[in-house]
Amino acid sequence: MEAIITARDAEGWSARVACVVSSNPEAVGLQFAADANVPTAVVDPKSHESRERFETTLAETIDAHGPDCVVLAGFMRVLSESFVNRYADRMLNIHPSLLPAFAGLDTHSRALAAGVRVHGATVHFVSPIVDAGPIVAQAVVAVRADDTADALAARVLAAEHLLFPRAIEWFLSGRAVLTEGRVTLDAAIASDALMLCA
């Protein structure tokens, strides 16, 4: 989230960040957003008697700000099919692997255990099937012989901070378009949809 707000300011996007909504009242990003004059809200699942009530409140909070794009930036909850469908074709997520490889959790440990030579991150549209939505862009990170899961995770995270703002801006500016389950990129940016990171 911080990388997105920072990129928006540094690159002069025409888009504004309508609101930062967190499920964690203690999230440090809330203060960062407030300091950047971005409205914030907290929807704590512990304050709701069911997942359905939590998602209803979350949707009401999002809809009150009328966003063109909903971005999951470190939001570590699996959302229901009805919630995902509410924001179909305008909800983006980033996952720390080169999807479709290593969907789900523990991606870095699993990548090392599999002996892959490259790992990375993927920006994709959110679909009802977790980590299976149409891919917008990917960043590739080389796996080093002495890598640990933590070391690899740190390099992937650095790549995520470059990739996610770029992909969001493409979508908001109409240069990345989702049509019939596939993302089409403007010719001027198509070669940038795969980033190679150290």
Mind checking which residues of segment 159-198 are in a strand (DSSP E or B), among the aliphatic types (A, V, I, L, M), buried (at least 16 other Cβ atoms within 10 Å of the Cβ) and more than 17 Å from the chain's Cα centre (by Cα)? Leu185
Which listed residue is modelled with pLDDT of 95 or more, more than 21 Å from Leu172 (Cα to Cα), surrounded by 14 or more Cβ atoms within 10 Å (Cβ to Cβ) and out of contact with any Gly (no Cβ under 7 Å at 6 or more places or on another chain), from His95, His108: His108
Of the conditions (1) in contact with a helix residue (DSSP H, G or I) (Cβ under 9 Å, 6 or more places away or on another chain); (2) part of a helix (DSSP H, G or I); (3) touching a residue at least 24 places away in the same chain (Cβ under 8 Å); (4) surrounded by fewer than 18 Cβ atoms within 10 Å (Cβ to Cβ), Asp68 fails just one. Which one is it? (2)
What about Val156, is it aliphatic (A, V, I, L, M), crowded, with 18+ Cβ neighbours inside 10 Å, in contact with a Ser or Thr (Cβ under 7 Å, 6 or more places away or on another chain) and part of a helix (DSSP H, G or I)? no
Is one or more of the residues making up segment 14-27 acidic (Asp, Glu) and within 21 Å of Glu169 (Cα to Cα)? no
State which residue is surrounded by the most Cβ atoms within 10 Å (Cβ to Cβ) when the search covers only segment 20-37 and only residues that are without any contact (Cβ under 8 Å) to a residue 12 or more places away in the chain and in a helix (DSSP H, G or I). Ala34
If Asp147 meets every condition in (1) of a type outside the set (S, T, N, Q); (2) buried (at least 17 other Cβ atoms within 10 Å of the Cβ); (3) within 17 Å of Ile94 (Cβ to Cβ) apart from one, which number is that one? (3)
For segment 123-130, check the following and say yes or no: at least one residue is under 13 Å from the mean Cα position of the chain (by Cα), among the aliphatic types (A, V, I, L, M), in a loop (DSSP other than H, G, I, E, B) and surrounded by 22 or more Cβ atoms within 10 Å (Cβ to Cβ). yes
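The values are calculated or read from the model by the stated rules, or taken from the named source; none is laboratory data. Remember, it's a predicted structure, so these values are computed and weren't measured experimentally. Note that each Cβ is placed from the backbone with ideal geometry, even for glycine, and that neighbours are counted across all protein chains shown.
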